[in-house]
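S.K.: Next up is a structure, given as structure tokens.
The values are calculated or read from the model by the stated rules, or taken from the named source; none is laboratory data. As the structure is a prediction and not an experimental result, all values here were calculated from the model. Using ideal geometry, Cβ is built from the backbone for each residue, glycine included, and neighbour counts are taken over all protein chains shown.
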């Protein structure tokens, strides 16, 4: 029997592993199962090329709990190790980065684990065990080996009694980690980290119901049998070629990933590239709500079918973190910080590739099945808008397929929209004015007035649309977006010809004085405008720039520097000097009647704008009844 010291460059490696990785201590099972998987796949390769003269068969990895003995067993039927290999692979810890490790972890930062990164996968077992044994037999015709270590640098290595090929790791669970002797906890870890490992993983047995034999009576119980409880799917959809999958396979895999999600995904994107990096995966566009923050962290990152994280920021462009699905790449380093990932060359290429694939998929949908894209647009537009804002390359591609819906349910690309409205909505300065509404119901009267003049009105109602409009105005020549209620129509799209006021300058001065005397609410700035006589007598508008800056500030970004979020609401009260009601207000001699007409007209305008509420609405209704008596 051999005895010795494990060759490490830091004497107290075990306390370090225990102390500094304790917040991640559950990953020990992932690491040990990954090692067992590697051992099995190595054997598969060696048998396929004829180097291992053994039957590969149908190997599995088994997890067993011995509650009474306080032991956890991980058993594989893989390549195994000879005594010499145990000495080389287990005793010679490849801990080349000791100094870096100490510097990184002494300040308590735990977001950059050392497992895998420093070649210490096996030693993660000491995070939960105070003694670890390896009983292993190589596929070569050599005796088994039995290694044991109690968490100090001292080990024992002797001949083992194992007859069959493979390795068994026995963890003597420490008193502070007995949670890992509970079936539910192990099930939880297997589901989280090993759900799609490429080798079947057995954890206990389950009862399977068999078909009733012929001639059995209806009341007879169906026979059952005990079968291995395989907890993983070794061949998930993303490991297959797209040609081998049907639409139902993709939907089935989505349900497997998100069993509590009842809505079907809108469409999927299959990722499959092997140069200049390896990447496979399937991304799904789900139906998205308006809240950006609730959507994230649904993409799962795997490395060779081993779960790594569901925080893929830095690997996937931020606007795509609202998608769902799986990305699997051996080229993404495990357990390193986000700043490390963002600086990694392979990761940057992967991020660009995913962006391009998403853009290509959307472009293909637009060209080949536009009707379907239009039907799904409202459920996915927030991702596209976010992408156009945050990624210039995506903006260039999306500009050709991004859709702009109208209040009547038509959809245009930007180019199509320009062609449609250039004759009617180009102002005297040759600028194209794009009218939009953010709420069809609240802005209904303004929308109808615009449509009556033959103008097209877009419906732009996502929470980040103000930022996108700003970007479009900056990247395209001579266009402006103007909300349909931000001024009266003649001012929104100024033409050469302007209506002539029926009132003299003297009459206008008197009218304005009467209005300002009656309207005590300082939120309203009175403007007298000459408009068509059939336009509304009183219109309330909110200046586009001020309102848009406030909205953008509320969703993050533009306007914050001006303090728009804290500014009071300010409105323009536009009074049509050519309307007969306005003439009546001017010519009314009775002060009380004049006041009532002004207040009633103002409240009707406020009602149209959705500003009349509570006590003021009650007072308006009461006054209206008085007037119709």
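S.K.: Read through the list (1) part of a helix (DSSP H, G or I); (2) surrounded by 16 or more Cβ atoms within 10 Å (Cβ to Cβ); (3) modelled with pLDDT under 80, then give the number of the only condition that residue 545 fails.
M.R.: It fails just one condition, (2).
S.K.: Name the single residue, out of those in the stretch 291-303 being surrounded by fewer than 20 Cβ atoms within 10 Å (Cβ to Cβ) and at pLDDT below 60, that is farthest from residue 314 (Cα to Cα).
M.R.: Residue satisfying both the conditions and the ranking: 291.
S.K.: Name, by its number, the condition in (1) within 37 Å of the chain's Cα centre (by Cα); (2) modelled with pLDDT of 90 or more; (3) more than 20 Å from residue 199 (Cβ to Cβ) that does not hold for residue 126.
M.R.: (2)
S.K.: Within the stretch 418-432, which residues are touching a residue at least 12 places away in the same chain (Cβ under 8 Å) and either in contact with a helix residue (DSSP H, G or I) (Cβ under 6 Å, 6 or more places away or on another chain) or in a loop (DSSP other than H, G, I, E, B) (or both)?
M.R.: 424, 425, 427, 428, 429, 430, 431
S.K.: If I filter the stretch 385-396 for residues that are crowded, with 16+ Cβ neighbours inside 10 Å and free of Cβ contacts under 8 Å to residues at least 60 places away in the same chain, do I get at least one hit?
M.R.: No, that holds for no residue.
S.K.: Quick one: which residue in 266, 283 is surrounded by 21 or more Cβ atoms within 10 Å (Cβ to Cβ), touching a strand residue (DSSP E or B) at 6+ places or on another chain (Cβ under 7 Å), under 18 Å from residue 324 (Cα atoms) and touching a residue at least 60 places away in the same chain (Cβ under 8 Å)?
M.R.: Going through 266, 283 in turn, just one is surrounded by 21 or more Cβ atoms within 10 Å (Cβ to Cβ), touching a strand residue (DSSP E or B) at 6+ places or on another chain (Cβ under 7 Å), under 18 Å from residue 324 (Cα atoms) and touching a residue at least 60 places away in the same chain (Cβ under 8 Å): 283.
S.K.: Go over the candidates 376, 400 one by one and state the one that is touching a helix residue (DSSP H, G or I) at 6+ places or on another chain (Cβ under 9 Å), part of a loop (DSSP other than H, G, I, E, B) and either at pLDDT 90 or above or surrounded by 16 or more Cβ atoms within 10 Å (Cβ to Cβ) (or both).
M.R.: 400
S.K.: Among the residues of the stretch 513-531 satisfying the criterion of being loosely packed, with under 15 Cβ neighbours inside 10 Å and touching a residue at least 12 places away in the same chain (Cβ under 8 Å), which is nearest to the chain's Cα centre (by Cα)?
M.R.: 523
S.K.: Now, a different point. Given the options 478, 451, 440, name the one that is closer than 23 Å to residue 378 by Cα and out of contact with any helix residue (DSSP H, G or I) (no Cβ under 9 Å at 6 or more places or on another chain).
M.R.: 451
S.K.: Kindly indicate whether any position in the stretch 379-394 is over 17 Å from residue 544 (Cβ atoms), outside the structural domain of residue 491 (by TED's automatic domain parsing) and outside any helix (DSSP H, G or I).
M.R.: Yes, because at least one residue in the stretch 379-394 is over 17 Å from residue 544 (Cβ atoms), outside the structural domain of residue 491 (by TED's automatic domain parsing) and outside any helix (DSSP H, G or I).
S.K.: Looking only at residues that are in a helix (DSSP H, G or I) and in contact with a helix residue (DSSP H, G or I) (Cβ under 6 Å, 6 or more places away or on another chain) in the stretch 321-342, which one is modelled with the lowest pLDDT?
M.R.: 341
S.K.: Which numbered condition trips up residue 455, out of (1) over 28 Å from residue 528 (Cβ atoms); (2) free of Cβ contacts under 8 Å to residues at least 60 places away in the same chain; (3) in contact with a strand residue (DSSP E or B) (Cβ under 6 Å, 6 or more places away or on another chain)?
M.R.: With (1) over 28 Å from residue 528 (Cβ atoms); (2) free of Cβ contacts under 8 Å to residues at least 60 places away in the same chain; (3) in contact with a strand residue (DSSP E or B) (Cβ under 6 Å, 6 or more places away or on another chain) applied to residue 455, the lone miss is (1).
S.K.: Tell me, which residue of the stretch 165-180 that is out of contact with any helix residue (DSSP H, G or I) (no Cβ under 6 Å at 6 or more places or on another chain) and crowded, with 19+ Cβ neighbours inside 10 Å is farthest from residue 74 (Cα to Cα)?
M.R.: 177
S.K.: Would you mention how many residues in the stretch 578-592 are farther than 16 Å from residue 602 by Cβ and in a loop (DSSP other than H, G, I, E, B)?
M.R.: The total comes to 3.
S.K.: Something else now. Given the conditions (1) assigned to a helix (DSSP H, G or I); (2) surrounded by 11 or more Cβ atoms within 10 Å (Cβ to Cβ), and given that residue 195 satisfies all but one, which numbered condition is not satisfied?
M.R.: If we test residue 195 against (1) assigned to a helix (DSSP H, G or I); (2) surrounded by 11 or more Cβ atoms within 10 Å (Cβ to Cβ), just (1) comes out false.
S.K.: Check every one of the strands (runs of 3 or more DSSP E) wholly within the stretch 1-107 and list those with 2 or more residues that are in contact with a strand residue (DSSP E or B) (Cβ under 8 Å, 6 or more places away or on another chain), in the same structural domain as residue 162 (by TED's automatic domain parsing) and at pLDDT 90 or above.
M.R.: Per the criteria, 61-66, 71-75.
S.K.: Let me ask something else. Here is a check on your reading of the model: is residue 496 on the phi < 0 side of the Ramachandran plot, at pLDDT 85 or above and surrounded by fewer than 18 Cβ atoms within 10 Å (Cβ to Cβ)?
M.R.: no
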